[in-house]
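Take a look at the structure below.
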Amino acid sequence: MMRAGILRSPSPLPGFGLSFGIIMAILSIVVLLPIGALLGRGLMIGPADLWSMVNSRRIWSALALSFRAALVASLFNLVFGLLLAWVLVRYRFWGRRFIDAAVDLPFALPTAVAGIALTALYAPNGPFGQALAPLGIRVAYTEAGIWVALVFIGLPFVVRTVQPVIEQLEPDLEEASATLGARRPYTLRRVVLPTLTPALLTGFALCLARSVGEYGSVIFIAGNIPNVTEIAPLLIVIRLEEYNYDAAAAIGIAMLLISFAMLLAINAIQVWSRRRIGLV
């Protein structure tokens with residue numbers, strides 16, 4: 001009865017059947033069919049042949065690099081993105097609107113252009129590269145360069161996910177905590193972070209998913225040295241250029257399975273955090 005009441009409640013969308021049909025059709029065309037085609041190709045190849053195509057030092061090194069760099073960049077964006085979102089919401093200062101608009105720049109900038117710009121800045125003869133050289137730090141054509149590129153393209157996901165939640169977070173709660181004698185670290189840990197955790201995990205998952213498959217901004221600054229700075233998406237492109245579609249599909253399936261396992265774990269943590277603060 002409750003379900004029927006919910007379905008009959010006024011809604012700006014059409015009836016449930018029509019809305020559900022449209023959503024499922026779009027979801028199938030955009031998401032399910034491509035994934036199904038990839039998995040179907042894997043079934044045609046066979047598990048044994050898939051394993052033989054993936055089980056090489058070069059591919060495992062590329063997969064490890066892609067997921068490791070994506071994880072490091074996403075963790076950095078999780079912390080820095082929270083700080084940036086907090087400053088943009090809670091403080092008023094000159095240039096705030098400009099910084100707020102600049103956060104969306106990675107969304108509008110073509111990834112290849114971002115990769116070329118970052119390479120020009122961090123190359124040994126670039127302004128940042130020359131400044132870091134005396135310290136023995138090299139960014140371009142190393143794994144650190146991949147981190148920089150992934151931080152650049154992933155930061156907006158965390159900021160834009162957390163920012164609306166911070167805007168809805170009442171400062172009165174923090175003031176009440178301070179009035180009761182709680183110090184700032186305690187207030188942050190017990191009052192602020194529990195409320196922000198679901199949004200932070202969502203932003204982290206979006207940033208991680210975006211970073212794992214990033215190609216355009218990475219290949220210019222990575223150097224693409226096999227077993228050193230060669231990412232998995234580049235290997236897929238190489239196999240496609242060789243017309244070895246089965247090998248490209250095998251690498252894609254490996255990335256799909258690893259990404260699904262990581263996102264499933266993040267989603268489980270997110271559900272747990274929502275139940276912990278009473279949102280579910």
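Give me the helices (runs of 4 or more DSSP H) completely within region 71-137, filtered to those with at least 3 residues that are open to solvent by less than 80 Å² (accessible area, probe 1.4 Å) and either closer than 30 Å to Thr195 by Cα or among the polar types (S, T, N, Q) (or both), ordered by residue number.
Result: 96-102.
Taking Ser211 as meeting all but one of (1) in contact with a Gly (Cβ under 7 Å, 6 or more places away or on another chain); (2) more than 26 Å from Ala261 (Cβ to Cβ); (3) among the hydroxyl-bearing types (Ser, Thr, Tyr), write down the number of the exception.
It is condition (2) that Ser211 fails.
So, in region 25-49, exactly how many residues are without any contact (Cβ under 8 Å) to a residue 12 or more places away in the chain, open to solvent by 80 Å² or more (accessible area, probe 1.4 Å) and not aliphatic (A, V, I, L, M)?
So in region 25-49, the residues without any contact (Cβ under 8 Å) to a residue 12 or more places away in the chain come out as 25-34, 36-37, 40, 43-44, 46-48.
Next, only the ones that are open to solvent by 80 Å² or more (accessible area, probe 1.4 Å) stay: 26, 29-30, 32-33, 43-44, 47.
Subsequent filtering for residues that are not aliphatic (A, V, I, L, M) retains 47.
So the count comes out to 1.
Quick one: which residue in Ala69, Ala85, Ala48, Ala25 is under 21 Å from Ala261 (Cβ atoms), at pLDDT 85 or above and of a type in the set (A, V, I, L, M)? Before you say what the answer is, go through the steps one by one.
Working: Ala85 fails: under 21 Å from Ala261 (Cβ atoms); Ala48 fails: under 21 Å from Ala261 (Cβ atoms); Ala25 fails: under 21 Å from Ala261 (Cβ atoms).
Only one candidate qualifies: Ala69.
Does Tyr186 meet the test of being touching a Ser or Thr at 6+ places or on another chain (Cβ under 8 Å), aromatic (Phe, Trp, Tyr) and either over 29 Å from Leu109 (Cα atoms) or free of Cβ contacts under 8 Å to residues at least 40 places away in the same chain (or both)? Working first, answer last.
Values: touching a Ser or Thr at 6+ places or on another chain (Cβ under 8 Å): yes; aromatic (Phe, Trp, Tyr): yes; either over 29 Å from Leu109 (Cα atoms) or free of Cβ contacts under 8 Å to residues at least 40 places away in the same chain (or both): yes.
Considered against the rule, which asks whether it is touching a Ser or Thr at 6+ places or on another chain (Cβ under 8 Å), aromatic (Phe, Trp, Tyr) and either over 29 Å from Leu109 (Cα atoms) or free of Cβ contacts under 8 Å to residues at least 40 places away in the same chain (or both), Tyr186 comes out as yes.
Condition check: without any contact (Cβ under 8 Å) to a residue 24 or more places away in the chain, open to solvent by less than 80 Å² (accessible area, probe 1.4 Å) and β-branched (Val, Ile, Thr). Does Thr142 satisfy that?
On the way: without any contact (Cβ under 8 Å) to a residue 24 or more places away in the chain: no; open to solvent by less than 80 Å² (accessible area, probe 1.4 Å): yes; β-branched (Val, Ile, Thr): yes.
Answer is no for this residue.
Within region 243-265, track down each residue that is over 20 Å from Ser52 (Cα atoms) and touching a residue at least 40 places away in the same chain (Cβ under 8 Å).
Here is the first cut: in region 243-265, the ones over 20 Å from Ser52 (Cα atoms) are 259-265.
Result: Ser259, Met262, Leu263.
Criterion first (in a helix (DSSP H, G or I) and open to solvent by 60 Å² or more (accessible area, probe 1.4 Å)) does Ser52 satisfy it? Give the steps one after another, and end with the answer.
Values: in a helix (DSSP H, G or I): yes; open to solvent by 60 Å² or more (accessible area, probe 1.4 Å): yes.
It is true that Ser52 is in a helix (DSSP H, G or I) and open to solvent by 60 Å² or more (accessible area, probe 1.4 Å).
Residues that are on the phi < 0 side of the Ramachandran plot and open to solvent by 20 Å² or more (accessible area, probe 1.4 Å): list the helices (runs of 4 or more DSSP H) wholly contained in region 203-280 that include at least 3 such residues. Reasoning before the result, please.
Working: elements: 216-222, 232-241, 245-276.
So the answer is 232-241, 245-276.
The values are calculated or read from the model by the stated rules, or taken from the named source; none is laboratory data. Model, not experiment: these values are computed from the prediction. Methodologically, a virtual Cβ is constructed for each residue, glycine included, from the backbone with ideal geometry; neighbour enumeration extends over all protein chains shown. For accessibility, only protein heavy atoms count, side chains too; no ligands or nucleic acids. Shrake-Rupley method; radii C 1.70, N 1.55, O 1.52, S 1.80 Å.
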